[in-house]
1. State all residues of the range A:28-57 that are within 11 Å of chain B (Cβ to nearest Cβ), part of a loop (DSSP other than H, G, I, E, B) and not basic (Lys, Arg); if no residue qualifies, say none.
2. Considering only the range B:514-526, state which residues are under 14 Å from B:ALA541 (Cβ atoms) and either surrounded by fewer than 22 Cβ atoms within 10 Å (Cβ to Cβ) or among the aromatic types (Phe, Trp, Tyr) (or both).
3. Take the residues in the range A:169-185 that are closer than 18 Å to A:ASP122 by Cβ and at the interface with another protein chain (Cβ under 7 Å from one of its Cβ atoms), then tell me which one is modelled with the highest pLDDT.
4. For A:ASP241, state whether it is within 30 Å of C:ASN167 (Cα to Cα), open to solvent by 50 Å² or more (accessible area, probe 1.4 Å), part of a helix (DSSP H, G or I) and not basic (Lys, Arg).
5. Being in contact with a Pro (Cβ under 6 Å, 6 or more places away or on another chain) and part of a loop (DSSP other than H, G, I, E, B), is that true of even one residue in the range B:538-558?
6. Taking the range A:318-346, which residues are open to solvent by 100 Å² or more (accessible area, probe 1.4 Å) and not in a loop (DSSP other than H, G, I, E, B)?
7. Report whether or not A:PHE151 is touching a residue at least 12 places away in the same chain (Cβ under 8 Å), within 30 Å of B:SER89 (Cα to Cα), of a type outside the set (Lys, Arg) and buried (at least 18 other Cβ atoms within 10 Å of the Cβ).
8. Does the range A:111-127 hold any residues that are of a type outside the set (A, V, I, L, M) and either within 18 Å of A:VAL215 (Cα to Cα) or at the interface with another protein chain (Cβ under 7 Å from one of its Cβ atoms) (or both), and which are they?
Amino acid sequence: MHMTGAAEQHKEEKRDITFRVFRFNPQVDIKPYFDDYTIPVERGITVLRALNYIKEHVDPTVSFRAFCQAGICGSCGMRVNGISKLACTTQVWEELDRCKEPGILKVEPLRNMPPIKDLIVDMDPLVDKMKHYMNWIDSSMPESEMGKKEFLVSEDEFLKYDKATDCILCASCVSECTILRAHKEYVSPAVLLKSYRMNVDSRDTIHDTRLAELVKDHGVWDCTHCYRCQETCVKSIPIMDAIHGIRENALEVRGTKDTSGAKHAEAFMDDIAKKGKLVEATLPFRTNGVLWTVKNLLPMAVKMIMKRRTPPPPPMVKPSKGIKAFREEFREMTEHVKDDQQSHNK
Amino acid sequence: MKPFDIVIVGGGGAGLYAAMEAMKTNPSLNIAVLSKVYPNRSHTSAAQGGANAALANKAKDDTVEMHIFDTIKGSDYLADQDAVDILCSEAPKIIRELDNIGTPWSRLDDNTIAQRPFGGAGRPRCCYCADKTGHTILQTLYEQCLKKGVFFFNEYFSLSLSVNNSRMRGLLAMNMKTGKIEAFPAKTVIFATGGYAKMYWNRSSNAAGNTGDGQAIAYRAGIPLKDMEFVQFHPTGLRKSGLLVTEGARGEGGYLVNKDGERFMARYAPEKMELGPRDLVSRSIETEILQDRGFDSPAGKYIHLDLTHLGAELIKSRLPQIREMSMNFEGVDPIEEPIPVRPTAHYSMGGIDTDNYGRTVMDGVYAAGECACVSVHGANRLGGNSLLDILVFGRIAGHTAAEEAGKFEPGVISPEEIKAKDEELRSFMQSSGHYERYGALREELGQTLALNVGIYREASKISRGMDELSLLKERFKKIRVFDSSDIFNTNLMQVLELQNMLDLAETVAAGALAREESRGSHTRNDFPTRDDEKWHKHTIATLDNGTVKLGQKPVTMGRYELQERTY
Amino acid sequence: MKRYAYYLSCINESMTKELDRSIDLWQKDLDMELIKLHESTCCGGSNLEYVSPKHFALVNARNIAHAEKLGLDLVVSCNTCLMTIRTAKKKLDESPDLKREVNELLKKEGLEYKGTSEVRHLLWVLIEDVGLDVIKSKVKVPLKNFTIAPFYGCHILRPSTVLGKDNPLDPSSLDQLIEALGGTTIPYEHKNRCCGFHTLLVAEEESLNVAAEALAEAIESKADFIVTPCPLCHTVLDGYQAKALKQAHINASIPVLHLSEMVGLALGYTKKQLGIQRHIVC
């Protein structure tokens, strides 16, 4: 007989916890404010269930989105103690350690999207970007032929987009994005992820058009590699791999002709090949040209030179020790890469 | 607003497929999709398992015919055989079409679409994408609809059909962002709003919004519903949320244990134990709870799904998702403690009565998916057939509506009708005479359904349940919406959803009381066997003078004669 | 005396020379010896990874291999170099094929990447090896009159799959060090945020907005200075400070110190010795 179930009942721990909830109804409020709700919470309760309790028992006007309540639909993205996550998969008791004020959980709407009411923000700008960057497959199968036969897709190809298709568009990454916060036209991590997923799909035919859009201003080169998107992704998707993937592909397909981003990236490669060291002083004009550099950076450059932070031109950078052997290794690796590409093309 | 050729209510798999197919059928049509959530949030995303299709990629000897037989047998012979024929014959085409437009199906070694075995199927024919099949199908359809430029009205809550002399003129819906009621004059309307199993609330695995809005709107407009009493229960839902713990937990060797520490399945299925068929295990757990051998908690009675003896390593490597869910939603780590579970309502076989083309009895009104009842699932749905149903019949409904839209004149919806609706909704916000609270009524609805019209049913209990439902409906008239704001009034939306659930709950209970037999998911203690002579029929429920009027409809037979359903 | 191989970051060889100079002043005080790897090359600065994944693996395998040759851990004092080299290490350790291919080339120099040396940030070494108690005991001039805004920067925290020391969204290591040195930290919301460095030349307006926000919070909180363990963050927050604040219409300024300078101050070295006057804002 199996005995771990013993007759004892499941013990419930309970304590009073305060939820400090962001409130804003643009119809009546001039500016947002916070309401505190203190409710008894037992172990095992999620933030969403606590909000439901508040709505049903304390204040029915608190407004938030929720649907599946199981972490798959992505409706209840919000910031709990400052970090964007899904309310339905966040345990209240685990958040207690993260409270800035003991026992007070702060609940706020996602950032970087227009507020609608309380914890609800407008998702339309995200959908508009998905449309702008053609986040769909434009199939190589003519419509009249569809349903007749399946494409053959290798496991290798499937694995390229497998993780990316985990995305539930909860917009946590959008909320946490550094660059989107700095400029609302920025493509945003979720849309880069979806774009990548489409670009590596062999069934798609508009890879080049999509890529051409992605390398424009506010596109893939504007990402600042802060990794916040990836770190807060509720599905643990390596979003930066997708962003790097698009960049790698852009350099491969389009070279450095497009944007400063591509030139900037290539400069690293060039410098390392030559000296093993980055020649930082010349990066600005190699990235953006002499004119831009003079216009934008001259006053600062003067200050920098006066403080001896940067030498007067031409910059002297001492190559790394043992550079000769290194250069040879580097060149040989270039041959390897060429071979790889050739065998890949075959 | 400019009249639409087609207004589709619901943006899940059925609604989006309908939209895509309608645009393909006639690109010049003016098509709108209304959804109370962003379409990619729809409950289609929760379907993990897959969709059945006899592609014969995995089992080379699989055939459409075998799929048809499995489905009919699974339905306990209540499915219409011509409809099942369509479902299974269209299946391979629909799966390939989804592949053609970008669905990331998992693959077999020969790079064809992967298939796996599923309950009740004679061959491994369930096509899948890891454990996120529904999610990826929904994403793909949404992407394609964006590509085709479908007009989406997201976060619009549909309220009613506008009908004049049984002629449909269009739809009224509330724009959640503004609180305004907007008219959608239309030649045709397709309902694709999903199921109604959320009426069991905490005893349901469904999304909060699976409140049968489309069925309720159609029902109130005089359109008949079919087989509403058939609601499928899954044996192991989490106690607090009703969310599913998949069968894998028992497959790996988990025990079901009552409060006396007893592996009680020994009483019900001594050989198969925890791996007995789904409905039997559900009934067994329910019996333990009813006979007071369950655990007690503020969230209700439950039993234990014990995995602790499997060890940390196996649980971490083979059941990571179950562990995560259990920790996220119960705060219980199955390595340390047993998981509290009980059976949970998760699929509604019944729905809006349609023909094989998605038509309802009302001209210009169509329905598809879990919202409709064609019927392809009869008394019990097979795993892997629900996604298939929404895809195949969503597509068919979209095609039919596109072909037939030209037959109908667009209706005109008067400002008076909009105003009357607005006043109706505003009345919930008045303080005088309105004091009932949404949460309390909804809780009682869920409880009374689970208790009286749940897994085990009998005349006395169902009658008690119906009395309680009448009382709840009376109390609902005094319900108060405390939020009086226009913008995103979720308080109002919840109350309207409750109204829909209350209306439909009556049809479920009435159907359950009338059907004096046990068939598929419907188990009557007082009529424990299937009675083909009297009850090999569909139940039809129509709203008549404010009450449910029941009728019947014959089951379409075909190649397969009635047989006892044994596995 | 504990010995380490020390990675020479390009920026510390040019714009932020004071960073390494400060370490040179006090390393013996803390019983450390950092052996400079003059053979090391640029890590690729979070760019080479996608420009050419294989070159990226090669140069960083080589960087680490030089430390391994000495049998020492590799200490890095630039966040991005840290993240980049650790990313390469992770890839090399996870792919025997890549490791083999790279080692084939390194053989020419008599080098081999084995995967035996850890790649660690100076901040981590101070806390884990030297220890906060020892540091506390060596403090000569406690920073007790200073309120300090700790700006961690991204690449010492994220991606946590590569860094994995501190909480990637709510770090505390730098705060602990400040307190050990006798200083007071402010609750600084931007402490785990981005400085904008990596888009400075690509999307300048955005970058400066990012920097301005971080600077503004520190200024509003009345911090005496910002301290950062990353010379790239320092370059933006100090070098571009005037430009960023002007863009944000803020009329104020705040000094930004390197981690190594802050430690130096507490250990009794003067601003001049530490090279703080080389900063744009001082």
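1. The answer is A:VAL28, A:ASP29, A:GLY44, A:ILE45.
2. Listed by number, the list holds a single entry, B:ALA514.
3. Going through the qualifying residues, I end up with A:LEU169.
4. In short, yes.
5. Residues of the range B:538-558 that are in contact with a Pro (Cβ under 6 Å, 6 or more places away or on another chain), as a first pass: B:540, B:542.
Within this subset, residues satisfying the condition of being part of a loop (DSSP other than H, G, I, E, B) are none.
Checked against the condition, which is being in contact with a Pro (Cβ under 6 Å, 6 or more places away or on another chain) and part of a loop (DSSP other than H, G, I, E, B), the range B:538-558 yields no hits at all.
6. A:LYS324, A:ARG331, A:LYS338, A:GLN342, A:HIS344, A:ASN345, listed by residue number.
7. So A:PHE151 passes the test.
8. Correct list: A:LYS117 only.
The values are calculated or read from the model by the stated rules, or taken from the named source; none is laboratory data. Predicted model only: the values in this text are computed from it and were never measured. Here the Cβ is made from the backbone with ideal geometry for all residues, glycine too, and neighbour counts use every protein chain on show. The protein model used for the area step is the full one, side chains on, heavy atoms only, and it has no ligands, DNA or RNA in it. Shrake-Rupley method; radii C 1.70, N 1.55, O 1.52, S 1.80 Å.
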